[in-house]
Amino acid sequence: MTLDFALRATEILLAIAFLQQSAEHISGSHTARLLFIPRATLAVALLTGLHSQWVLLALCVHSIFVLHRFQGPYNGGSDRMGLLILYCLCLSRWLPAGLLSQATFGYLGIQVILSYFISGQVKIVNPEWRSGRALADVFSFSAYPVAEKLRRMANWPRLLWGASWVVMLFEVLFPLSFLNATVLSAALVLAAMFHLANAWLFGLNRFLWFWIASYPSLIWLQSRIIEGG
């Protein structure tokens with residue numbers, strides 16, 4: 001995968017993620033519409049690919065107003081990932097073609113790897129995650145819109161214990177997927193399915209789109225490392 005192709009794929013996926021995010025606010029208050037209609041408009045412009053360098057810069061400037069309005073990334077991890085992708089994309093487009101541009105985009109890929117590994121490492125040292133209790137509590141007490149039928153899964157401790165260990169091991173071992181392009185592709189499919197399940201079960205749909213938007217950086221970085229080796 002070439003750098004230009006990876007950058008363009010990331011722009012398209014990020015634009016979709018920003019459109020989905022903006023749609024949640026445009027139907028809200030007048031203030032929210034004033035803030036997110038411009039983001040949606042810029043996202044559409046980014047989809048077209050015309051003057052994407054300037055569109056990305058405009059999105060970066062606009063992100064400052066969003067951060068000021070909510071006193072930081074208001075939706076936690078998904079918004080932080082969205083901003084990380086945006087800023088790395090913008091720098092890669094504006095920096096001179098060559099090592100600096102590649103290093104900036106590669107930095108995004110490294111951060112995505114760490115996002116999975118650190119998430120798994122935090123879980124695996126937690127006795128409640130190792131026992132399956134943490135996942136049971138998510139279904140029992142979570143404020144997320146879990147359907148009542150799904151809440152009954154909290155009464156299936158063996159299933160939740162197994163699911164907890166599958167998630168933890170996948171996240172901790174995710175960096176090993178870089179050893180092989182086919183393994184990486186399989187790992188990204190599994191990761192996307194994991195985020196899709198979270199979107200369906202808990203309404204965490206922003207994680208799905210923003211993390212998928214980061215995947216071209218992983219595919220490009222892995223191919224770059226193999227070529228360099």
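The values are calculated or read from the model by the stated rules, or taken from the named source; none is laboratory data. This is a predicted model, so every value here is computed, not measured. Note that we place each Cβ from the backbone using ideal geometry, even for glycine, and neighbour counts take in every protein chain shown.
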* Structure fact -> Of the residues in the range 178-206, those that are touching a residue at least 40 places away in the same chain (Cβ under 8 Å), surrounded by 17 or more Cβ atoms within 10 Å (Cβ to Cβ) and not hydrophobic (A, V, I, L, M, F, W, C) number 2
* Given the residues Arg93, Arg39, which is the only one that is of a type in the set (Lys, Arg), over 26 Å from Leu184 (Cβ atoms), at pLDDT 90 or above and surrounded by 16 or more Cβ atoms within 10 Å (Cβ to Cβ)? -> Arg39
* Filter result (surrounded by fewer than 15 Cβ atoms within 10 Å (Cβ to Cβ) and free of Cβ contacts under 8 Å to residues at least 24 places away in the same chain) within the range 42-62 -> Thr48, Leu50, His51, Trp54, Val61
* Do we find that Ala147 is loosely packed, with under 13 Cβ neighbours inside 10 Å, modelled with pLDDT under 90, over 22 Å from Thr2 (Cα atoms) and over 19 Å from the mean Cα position of the chain (by Cα) in this structure? -> yes
* Asked: Failed condition for Thr10, given (1) over 17 Å from Asn205 (Cα atoms); (2) assigned to a helix (DSSP H, G or I); (3) out of contact with any Pro (no Cβ under 8 Å at 6 or more places or on another chain), with all others met?
  -> (3)
* **Residues of the range 25-44 that turn out to be in a helix (DSSP H, G or I) and farther than 17 Å from Phe65 by Cβ, as a count** => 1
* Ile85 being within 17 Å of the chain's Cα centre (by Cα), within 30 Å of Pro216 (Cβ to Cβ) and either at pLDDT 90 or above or loosely packed, with under 14 Cβ neighbours inside 10 Å (or both) -> yes
* Structure fact -> How many residues of the range 14-36 are crowded, with 20+ Cβ neighbours inside 10 Å and either touching a residue at least 40 places away in the same chain (Cβ under 8 Å) or basic (Lys, Arg) (or both)? The answer is 4
